Amino acid sequence: MILTKISGGMGNQMFQYALGRALSLRHRVPFKLDITAFEHVSTNKYSIRHFELSHFSIAGGIATAREIQKMKYPLGKISRYWRGIRARLFKDTNIRFNSKILARRSGYFDGYWQSEEYFKEYADVIRSDFAPKEPMSASAQALAHELVSAALPVSLHIRRGDNAYNADSMKKFGMPSIAYYETGPSLIAQKLGREDLHVYIFSDDIDWVREHLHLHFPVTYVSQEGIADWEEVVLMSRCAHHVIANSTFSWWGAWLNPSPDKVVVAPLHWANVAPREFTDVIPSSWIRA
């Protein structure tokens, strides 16, 4: 059995799910999720995490405590001791692509797995799994209908949240500059040879964006009360092209768009600390700026 630990924000959860799902398809073995990381929720408003995948049409099931114990610690105390050492030694691993993982037919998978190389062979299945399981809110549905008729809708995501207000997070990841976000849509226009873009802006600090970001394209501010995070990812995916943050949230918004003609602009630098660990995050067809 493939048992995958699900933790972190929505984007990380989606990567973790995609790895497990792809391995189960590759080896034709059962697949379950360990969601115990969400049993103890932080009171810090920038670190509150919930299990978000239940909004999507995911496969697999939720592992029981006994299944987790058996897969995570097959050798009892010895397994616990070794896992503790490994966690300290390899704190930032499981981000870069490791082809050896693809040969694993069973096991407990605890990591980030931030590369499409783990699951691009099953891209159609993964995209289908991340289709909404439930109707979107009225506000989200209205925007979805608008996107269908828009000529060149471009999603643009600015993440501030914990990066802007948490010194440790800011030191590790940083944030793309305003210049990057103002240049991104122009790069897409140049690539397409068209200027009739309409930019749909997604952000966890939309008031800040209104004040600081200035584009010469028509703009719609998407993020608002009543539109959930999972709905934002769906709406991003229904845009034709994308400008993403150094964030797995908008990474998935862009990747879920199945169009082979999409143009995706991604930050040149994904992280400030241990940048080599993040060299496999961005697909080769995306533009780094």
Subject >> the range 194-220 residues that are closer than 12 Å to Cys239 by Cα, paired with ones that are aromatic (Phe, Trp, Tyr) and open to solvent by 50 Å² or more (accessible area, probe 1.4 Å) (beta carbon under 7 Å, 6 or more apart) >> reply: Ile201/Tyr221
Subject >> Pair list, Cβ under 7 Å, 6 or more apart: the range 133-145 residue farther than 17 Å from Leu53 by Cβ and among the aliphatic types (A, V, I, L, M), other residue open to solvent by less than 20 Å² (accessible area, probe 1.4 Å) and in a loop (DSSP other than H, G, I, E, B) >> reply: Ala140/Ile227; Leu143/Val222
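Here's the yes/no breakdown for (1) closer than 30 Å to Glu134 by Cβ; (2) at pLDDT 95 or above; (3) surrounded by fewer than 13 Cβ atoms within 10 Å (Cβ to Cβ):
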{"residue": "Leu192", "(1), (2), (3)": "no, yes, no"}
{"residue": "His212", "(1), (2), (3)": "no, yes, yes"}
{"residue": "Tyr221", "(1), (2), (3)": "yes, yes, no"}
{"residue": "Gln224", "(1), (2), (3)": "yes, no, yes"}
{"residue": "Val233", "(1), (2), (3)": "yes, yes, no"}
Subject >> Condition check for Trp255: in contact (Cβ under 8 Å) with a residue 40 or more places away in the chain, farther than 13 Å from Val154 by Cα, in contact with a strand residue (DSSP E or B) (Cβ under 9 Å, 6 or more places away or on another chain) and open to solvent by 60 Å² or more (accessible area, probe 1.4 Å) >> reply: no
Original post:
How about the range 175-189: which of its residues are in contact with a helix residue (DSSP H, G or I) (Cβ under 7 Å, 6 or more places away or on another chain) and either at pLDDT below 95 or buried (at least 19 other Cβ atoms within 10 Å of the Cβ) (or both)?
Top reply: Met175
**OP:** For the range 141-159, state whether one or more residues are modelled with pLDDT under 95 and at positive phi.
**Re:** no
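The values are calculated or read from the model by the stated rules, or taken from the named source; none is laboratory data. None of these values were measured; they are calculated from a predicted model. Counting neighbours? That spans all protein chains shown, and the Cβs are built from the backbone with ideal geometry, glycine included. Side chains included, ligands, DNA and RNA excluded: accessible areas come from the protein's heavy atoms. Shrake-Rupley method; radii C 1.70, N 1.55, O 1.52, S 1.80 Å.
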